[in-house]
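Let me begin by presenting the structure, written as structure tokens, before commenting on it.
Taken together, the values in this text are just the output of simple stated rules run on the coordinates, not laboratory data. Note that the coordinates shown come from a computational prediction; the quantities given were computed from them, not determined experimentally. Counting neighbours? That spans all protein chains shown, and the Cβs are built from the backbone with ideal geometry, glycine included.
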Amino acid sequence: MEPSAPKRSIQLNDTTLRDGAQAPGVIFKRADKLVIARALDLLGIDELEAGTPAMGAAEEEDIARIAALGLRCRVVAWCRARSEDLAAAARCGVDGVHISLPVSDIQLRALGKDRAWVLAQLQVLLPRAMHAFAFVSVGAQDATRADGQWLQDFLHAVERLGARRLRLADTVGIGRPETVAAMIVRCRRAAPHLALEFHGHNDLGLATANALAAVEAGASALSATVNGLGERAGNVALEQAAVLLHQHPQLGCGIDLSQLFAVCRRTAQASGRPIAPDRPIVGDLCFTHESGIHCHALLVDSRSYEPFPPQSIGRCHRFAMGSHSGGAGLRHLLHEAGIDASPPQLRALRALLAGDSLSR
């Protein structure tokens, strides 16, 4: 048997402390930011987008504190296409910067700018950034609504000026897996030596699917947030992307899944955004089973109704008593409680549970 080909590793850039912090009503305290940053680093995140220095002195201090932690991951700051933003990022002592520029005509009109301004800003800012920082990436904001030929011209300029990576942003979450994959393929052809990152929003519920389509089409990095936290409907969820990549036959990532659940719970607490009980990967109920058919099969083979072992992310499956419970599941629950029920008792309990359901 021929050995299987090694997986292509996808870099994960966590922007919980930048884009996640922009979610309405979310305010991370400095102590929480430091805890989350350390936890993400131990988790194995490749890059941490620590914040936006232009927000002011307090934000600068927060970013500087994170940069001074001595983390293994790269720490970057998010910047507008302004010289003063680069200067603020330099004061923070970060490893790199991400410079975001609008590329759709909708965004340009909203800012009172045009395409010539975008190219001029690249010419001025990229050499300065590359002189000041070890790593520089450029963002194509609203790329999924940009004119295709103009987006390629933008890529050529970014590649020519020497940026390390380009972020293609689905800023309002209108991309579909098919269109996102096609965009990645076109961009790779247009700028073959430029690494591509995908940054997706979840307005139509497709952020994770679009992220998967992007890396399968050749993107080498993903932007994500813990619990999908972010503006409006949120971003690509880090926990979903990490598990998907670990499960993928050709792709992978460096995330330690065993610590993932704890990081998600800690971030939910700090953000004041509870995790929905049925949320994939981390919801309280996503490994909880009531149906008699499911419980019986799970007792034989846990793979029958679970896509991956919950133990791999520090969780376990549970059986719940309810109107859909079967004999096998009830017997298992009672046995765990130290109770050995007879068949008549089990039948009586099932009838009671079904009756309670009907009476409601």
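Taking every DSSP bridge with both residues inside the range 8-271, close to 5 percent are antiparallel.
If a spin label sat at a point 7 angstrom from the Cα of D284 along the line to its beta carbon, the backbone N atoms of the range 218-249 nearer than 19 Å would be those of 227. For the range 8-271, the spread of Cα positions along the three principal axes, ordered from largest to smallest, is 45, 43, 31 Å.
Would you please state the base-10 log of I(q)/I(0) at q = 0.28, 0.31, 0.32 1/Å for the range 142-192, with intensities from the Debye formula using one equal scatterer on every alpha carbon? Rounded to two decimals, the profile gives -1.19, -1.34, -1.38. Working value for the range 1-112: equivalent-ellipsoid semi-axes of 27, 21, 14 Å, each the square root of 5 times a Cα gyration tensor eigenvalue, largest first.
Residue separation of E159 and L119 scaled by 0.36 nm, minus their Cα-Cα distance, works out to 13.2 nm of gained length. Taking a point 7 Å from the Cα of R303 along the Cα-to-Cβ direction, the residues of the range 218-262 with backbone N closer than 20 Å to it are 243-252.
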